[in-house]
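The values are calculated or read from the model by the stated rules, or taken from the named source; none is laboratory data. This structure is a prediction, so every number in the text was calculated from the model and none was measured. Methodologically, a virtual Cβ is constructed for each residue, glycine included, from the backbone with ideal geometry; neighbour enumeration extends over all protein chains shown. Side chains included, ligands, DNA and RNA excluded: accessible areas come from the protein's heavy atoms. Shrake-Rupley method; radii C 1.70, N 1.55, O 1.52, S 1.80 Å.
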Amino acid sequence: MEEAAEPVQSAGADEVVPMSGCQTNEEAERARRLAEKRSSKPGRTRFLITLNIGIILTAIAIVLFKAPNGFAFGGTSGLSIVLSKIFPTMPVSAFMWVINAILVALGLVFLPRRAVGWSVAASFLLSLYVSLFEWIFPSGITITGDMWLDLCFAVILPSLGSAIVFDIGASTGGTDILAMILNRRSSLEIGKALMAVDVAIVVVAAILYGPRVGLYCILGLFAKTLVVDGAIESLHLRKVCTVICKDPHAVERYIVKTLNRSATITPGYGVYSGRRVMQIMSVLSRREARRLRLYVREIDPDAFMTIVNSSEIIGRGFRGLN
């Protein structure tokens, strides 16, 4: 009977060498600043620019794609579109000013001033941009003539705008203020309460604009939720990279010194060979993951590497715990 072969250890893979010594003081300080920058909140200038971009995208969708077709998916814009159909002498923006002003007043009464600060600004900014675009595009006629194409942009643009605004910790105002009031002042489930309001608006739109538009509104209402979630995840997407190779120390050094990231080392054994290996796991951006993949392929064409998407990374260099 043959004796079992002894596991063969790969050279250099049976110990963990700290990489802190491979950086100069200047490089370590630069890495620390990069980590703080990655996890810090946006500065005021960037915050305002991002907030305006998100609200502009939402306003364009309301004026060019939602209002001309009667796409009332809910929220203040949906209610304003319904009211403008009932009272055709008033534009959508006029009703948005009134509705947002009422919601802001309720927010200032029932919520702390700090809690509604940016929601108040966003509500009035959205009304302002809708008024501006109605002045620039006063016809109220669809620019494509294709209701299905209009529906796609009526969903994609405000969903992208909302995702951009949510990513910086703000909102587009409107019914978000109502959600905060319900959260603080009642036992109602916010999601169900707001969904009920949105469904009611869609039903009214179906009665006013006909069943065809009503069905488009129902489709848009559900598509909006899916697209917003997908857009938010895409903005936060990171790559969880795991590498097993012949020269783990070179990969560790590259991650720390070149990418200014860190990694976690896990010892293990190859089931077939019985060799001891080191698994290197690091969370990187898309660009950093691509650079790491090219580097690993260059130093070890036989390396094993897995790259997994994740949008919920919490810790230093990423999101905070709060």
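Observations, loosely collected:
- Scanning the stretch 294-308 for residues that are free of Cβ contacts under 8 Å to residues at least 24 places away in the same chain, assigned to a loop (DSSP other than H, G, I, E, B) and open to solvent by 70 Å² or more (accessible area, probe 1.4 Å) turns up at least one hit.
- From Ile143, Ile60, Ile55, Ile102, residue being more than 21 Å from Leu208 (Cβ to Cβ) and outside any helix (DSSP H, G or I): Ile143
- Single match in Ile255, Ile218, Ile232 (criterion: aliphatic (A, V, I, L, M), in a helix (DSSP H, G or I), touching a helix residue (DSSP H, G or I) at 6+ places or on another chain (Cβ under 8 Å) and open to solvent by less than 20 Å² (accessible area, probe 1.4 Å)): Ile255
- The condition of being touching a Pro at 6+ places or on another chain (Cβ under 7 Å), farther than 22 Å from Ile62 by Cβ and modelled with pLDDT of 90 or more holds for only one of Ile244, Ile255, Ile280, that being Ile280.
- Filter pass, Ala28 being within 30 Å of Ser80 (Cα to Cα) and either modelled with pLDDT under 85 or part of a helix (DSSP H, G or I) (or both): no
- Complete set of residues in the stretch 240-252 that are open to solvent by less than 40 Å² (accessible area, probe 1.4 Å) and within 32 Å of the chain's Cα centre (by Cα): Val240, Cys241, Thr242, Val243, Val251, Glu252
- Selection within the stretch 124-145 - surrounded by 19 or more Cβ atoms within 10 Å (Cβ to Cβ) and free of Cβ contacts under 8 Å to residues at least 40 places away in the same chain: Ser127
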